[in-house]
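A.B. asks: Encoded as structure tokens, here's the structure I'll be asking about.
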Amino acid sequence: MPTFRAPRGTRDLLPEDRAVFDRLMRLGADLTHRYGYRAIETPLFEQAAVFERGIGEVTDVVEKELFRIAPRTEEAESWALRPEPTAGIVRAYVQHGMQTWPQPVKLTTTGPMFRYDRPQAGRYRQFWQFDVEAIGDAGPAIDAEIIELGHRFYAEAGVEGVEVLVNSIGDPACRPAYIATLTEYYRGHAAKLPPTEMDRLERNVLRLLDSKDPDMAEINAAAPRITDHLCEACSAHFESVKAHLTALGVPFRVDSGLVRGLDYYTRTAFEFYVAGRAGQQQALGGGGRYDGLVALLGGKPTPGIGFGLGLDRVALVLAEQGHIVPTDTSPLAVVVSADPDDTISRLRIASLLRGARLAVRADLGRRKLGRQLEGAGKDGTHFAVILGDELADGHVQVRDLQAGTQRVVALDDLARELARAEASHHHG
Ligand code: HAM
């Protein structure tokens, strides 16, 4: 056992894992650019109140999972690591007066989030999200555009069988009546409710619907459905979102039990799953509309919508589906020399080639040339640049390790020749 290990619920992304994340992040950057989003970074921690007020006090994320930072002094403000980026981005929208920018303001970020959750496969205490937010457009067309963007992300990442589940969870006009109906329903089942759910019944009854407690499944299945209690405006909005999705060719399924785990949602809510996957209770991503959040965090009332996709889970599914292609990271050339002690020349030539933007390794071991060349072929490197007596008059040997051919090249031509060989290798 090593003395130190990564904290429980976290993991190291080793180079192979990091390469997959890199690919997903590049795809996210490329896609959001195509859809007109601009990248933003907000701090990894905020005043805890940003999350308490934004996400809601009576949610798992705030009540049980928030990583609070111990205050350094009595007066210190209370901070917490971000469990998700939406509240912080909306805080930034208000702080920087983005309501005066052309609306909607379309922002994207990708980075680590922190939740003190019970760790298991696909559920970590530090995990990565690819997030998009469009603030200042009441929809419904943009709702469909955002859902399509999420759907396309999985398709282009190579994930097979992604299902889109959508729902409407109403707004301040229709939700209060629904909440009263729902409260009445659960009160009728009070004897069967686990204590934590009983406690939430009077404080935030919607949370009972997405309870992870297995004892709740049966009671929840028979609960009154929000979609049967939508006001006319919410109902028309939802119909239009679905019509736009159909027109765009995005396959979706209405799931009237989908309420999401954060309090800021209004109207459109959606989640992405891989159909038939073991551990199916885990969403690959989710999001929705949050028309009250900007005002809740001190801005003037402004609608918004967005999603967060869990990159750890996407990587996991790609691996399960056999779609992880190892990335080729071998350098183009390795610099070796006949003189085992001459590491100076090797470094000098390698440096020259790196200055010409080529990927080059210098063999810095003090081994015989034969041993250096043996090592050179193993990592898939294409060329060996061999430094010998010719170096004195400005020449080196270049060996094509794959073809087994070798020729003399003037130092002045070396970078150009290797670059040309690399280009023809990639395109040929
Ligand atoms: P969320 O559903 O809480 O939404 O998280 C979004 C996604 O993050 C999940 O579907 C999942 O893939 C991933 N995720 C969440 N928790 C974990 C975890 N412990 N380990 C691994 N992956 C996890 C939000 O966070 C909202 N901010 C989404 C949003 C943006 N809504 C509007 N704009």
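Nothing in this text is a laboratory measurement; each read-out follows from the coordinates by a stated rule. Keep in mind that what you see is a predicted model, and the values were worked out from it rather than measured. Quick reminder, even Gly has a Cβ in these numbers, built from the backbone with ideal geometry, and neighbours come from all protein chains shown.
A.B. asks: Once you have the Cα-Cα distance between Ser330 and Ala173, take 0.36 nm times their residue separation minus that, and quote the gain in nm to one decimal.
C.D. replies: 50.5 nm
A.B. asks: Then there's this: Rounded to the nearest 10 degrees, what's the angle between the helix 232-248 long axis and the longest principal axis of the chain, both from Cα atoms, 0 to 90?
C.D. replies: 30 degrees
A.B. asks: Count the lysine pairs in the chain whose Cα atoms sit under 23 Å apart, keeping only pairs 8 or more residues apart in sequence or on different chains.
C.D. replies: Details: Lys64/Lys192; Lys64/Lys212; Lys106/Lys242; Lys106/Lys300; Lys192/Lys212; Lys368/Lys378.
Lysine pair count for the chain: 6.
A.B. asks: For the ranges 117-128, 401-412, 313-324, what's the packing order if you count other beta-carbon atoms within 10 Å of each residue, average per peptide, and put the highest first? Please report the intermediate quantities before stating the final value.
C.D. replies: On the way: 117-128: 16.4, 401-412: 11.8, 313-324: 17.9.
Packing proxy ranking, top to bottom: 313-324, 117-128, 401-412.
A.B. asks: Please give the length that would be gained between Thr100 and Leu352 if that part of the chain were fully extended, namely 0.36 nm times their separation in residues minus their C-alpha to C-alpha distance (nm, one decimal).
C.D. replies: Numbers: separation 252, 0.36 × 252 = 90.72 nm, distance 5.02 nm.
So the extension gain works out to 85.7 nm.
A.B. asks: Please list the equivalent ellipsoid semi-axes of region 29-134, computed as the square roots of five times the alpha-carbon gyration tensor eigenvalues, in descending order and whole angstrom.
C.D. replies: The three semi-axes for region 29-134 are 26, 19, 11 Å.
A.B. asks: May I ask you to evaluate 6.51 cos²θ - 1.76 cosθ + 1.60, the Karplus curve with θ = phi - 60°, for each residue of region 156-166 and list the ³J(HN,Hα) values in order in whole Hz, giving x for glycine and proline?
C.D. replies: 6, 6, x, 6, 9, x, 7, 9, 9, 9, 10
A.B. asks: While we're looking at this one, here's another question. Between rounded, prolate and oblate, where does region 345-419 land on the alpha carbon gyration tensor, with a ≥ b ≥ c its root eigenvalues, rounded for a/c under 1.5, else prolate if a/b exceeds b/c? Can you show the working numbers first?
C.D. replies: Working: a/c = 1.28, a/b = 1.22, b/c = 1.05.
Taking the square roots of the gyration eigenvalues as a ≥ b ≥ c, region 345-419 is rounded.
A.B. asks: I would also like to ask the following. By the gyration tensor of its Cα atoms, with a ≥ b ≥ c the square roots of the eigenvalues, what is the shape of region 304-428: rounded for a/c under 1.5, prolate for a/b over b/c, or oblate?
C.D. replies: The shape class here is prolate.
A.B. asks: GNM, the chain, Cα, under 10 Å: largest mean-square fluctuation among Arg225, Arg175, Arg277?
C.D. replies: Maximum fluctuation in the GNM of the chain, among the listed residues, is at Arg277.
A.B. asks: Ok, one more. Using the basic label-point model (7 angstrom from Cα toward the beta carbon), what is the Arg367 to Ala190 distance in nanometres?
C.D. replies: Simple spin-label model gives 7.7 nm for this pair.
A.B. asks: Just to be sure I understand: with springs between alpha-carbon atoms less than 10 Å apart, which residue in Gly308, Gly286, Gly365 has the highest mean-square fluctuation in the Gaussian network model of the chain?
C.D. replies: Gly365
A.B. asks: Next question, about the same structure. Count charges around Arg34 for me, please; just the other residues with Cβ under 14 Å from its Cβ, Lys/Arg as +1, Asp/Glu as -1.
C.D. replies: Result for the neighbourhood of Arg34: 0.
A.B. asks: For Gln120 and Thr10, calculate 0.36 nm times their separation in residues minus their Cα-Cα distance, and state this gained length in nm to one decimal.
C.D. replies: Gain on extension, Gln120 to Thr10, equals 38.6 nm.
A.B. asks: Jot down the radius of gyration and Dmax of region 80-141, Cα atoms only, both in angstrom.
C.D. replies: Rg and Dmax of region 80-141, Cα atoms, are 14.3, 44 Å.
A.B. asks: Looking only at Leu311, Leu258, Leu369, which one moves most when the chain is put into a Gaussian network model with springs between Cα atoms under 10 Å?
C.D. replies: Leu369
A.B. asks: What is the distance, in nm, between label points placed 7 Å from the Cα along the Cα-to-Cβ direction at Glu417 and at Asp389?
C.D. replies: So the two model labels end up 1.9 nm from each other.
A.B. asks: Related question: In Å, what Rg and Dmax follow from the Cα atoms of region 137-237?
C.D. replies: Spelled out, the Cα radius of gyration and Dmax of region 137-237 are 16.9, 48 Å.
A.B. asks: If the rule is a partner Cβ under 4.7 Å, which cysteines in the chain fail it?
C.D. replies: Cys234
A.B. asks: Hey, what's the Cα Rg ratio for the chain versus the globular rule of thumb, 2.2 N^0.38 Å?
C.D. replies: Normalised Rg, Cα atoms only: 1.27.
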